[in-house]
Amino acid sequence: MAQAQSAVAVAERDTPSEPAASAPSPRPRRARLRGSAGVSLLAVPAVLALLVFNYLPMAGLVVAFKDFNISDGIFRSPWNGLDNFRYFFSSGETPCC
């Protein structure tokens, strides 16, 4: 019986007598963005480097599949398919093992 009374006393002691305060309301979106402007500014050079060195060369890969004409440019030159690769491998200029 003494243990039951002490358990009730511990439960009453651990239970807060007043309700917990509600969580603060979230900050408005504009205030959160303004707070992270410095971090976003630091990310700009990294994003630019990613675009320049990883995605810009993808346009050059298209040239391998085109009958490239400098006056038409990359995107207006007609498609050649795999003919450029067939020519390269059948010409004997391919480096051997």
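Rule-based calculations on the coordinates, nothing more; no lab input. What you see is a predicted model, and the numbers here were worked out from it, not measured in a lab. Using ideal geometry, Cβ is built from the backbone for each residue, glycine included, and neighbour counts are taken over all protein chains shown.
Quick look at the numbers
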| read-out | value |
| --- | --- |
| Histogram of C-alpha separations across region 35-97, 5 Å bin width, % | 3, 15, 14, 13, 13, 12, 9, 7, 6, 4, 3, 1, 0 |
| Sorted peptide list for 80-91, 40-51, criterion being average Cβ within 10 angstrom, highest first | 80-91, 40-51 |
| Neighbour net charge for K66 - beta-carbon separation under 15 angstrom, K R +1, D E -1 | -1 |
